[in-house]
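Asker: I'd like to ask you about the structure that follows.
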Amino acid sequence: MLARFGANLEKARKARDFTQESLAEAADLHPRVLQKIEAGETNLKATTLFRIQAALGCPWEQLAPRV
C-alpha cells in the first residue's frame, strides 16, 4: 500500500510540475522524507499527509491507493 501511495504521489507531483525539492519546500518537509515516501520506504503521519495534500492542491482520492 505504501508503494502505491508513493506512486500516486509522484504522478500527482509531476502533473503539477513540482520537483521533489520544490514540493518538499512547499510542504515544509525535508526532501529526503518526500523521496522515502515516494519510494514506499516509510510510513507517514497524518500531519505529513495533510501538508503534502495542501501543497499539491489535489483531492485525497488522487493520492489514496485503491484497495
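Asker: Only helical DSSP H runs with n ≥ 4 go in: add -39500 (n - 2.57) per run for the chain, normalise by residue count and round the 222 nm mean residue ellipticity to 500 deg cm²/dmol.
Answerer: Estimated from H runs of four or more residues: -18500 deg cm²/dmol.
Asker: Going from most exposed to least, what order do Lys14, Lys36, Lys45 have by accessible area with a 1.4 Å probe? Show your work: numbers first, answer last.
Answerer: Numbers: Lys14 115, Lys36 80, Lys45 145 Å².
Sorted by accessible area, descending: Lys45, Lys14, Lys36.
Asker: So between Arg4 and Ala46, what do we pick up on full extension, going 0.36 nm a residue minus the alpha carbon distance?
Answerer: Answer, rounded to one decimal: 13.4 nm.
Asker: Probe 1.4 Å, all protein chains in place: accessible area of Glu10 in Å², nearest 10?
Answerer: Glu10 has an accessible surface of roughly 60 Å² with all protein chains in place.
Asker: Quick check: from the Cα gyration tensor, does the stretch 20-63 come out rounded (a/c under 1.5), prolate or oblate?
Answerer: Because a/c hits 1.5 or more and a/b fails to exceed b/c, the stretch 20-63 counts as oblate.
Asker: If you roll a 1.4 Å probe over the chain with all protein chains in place, what percent of the accessible area is carbon or sulfur?
Answerer: With neighbouring chains kept in place, the figure for the chain is 53 percent.
Asker: So, for the chain, what is the accessible surface per residue at a probe of 1.4 Å, expressed in square angstrom?
Answerer: Roughly 63 Å² per residue, with all protein chains present.
Asker: Please work out how much accessible surface Leu63 shows to a 1.4 Å probe, ignoring ligands, DNA and RNA, in Å² rounded to 10.
Answerer: My reading of the accessible area for Leu63 is about 0 Å².
The values are calculated or read from the model by the stated rules, or taken from the named source; none is laboratory data. Fair warning: this is a prediction, and the values are worked out from it, not measured in the lab. Areas reflect the complete protein model, heavy atoms only, side chains present, ligands, DNA and RNA absent. Shrake-Rupley method; radii C 1.70, N 1.55, O 1.52, S 1.80 Å.
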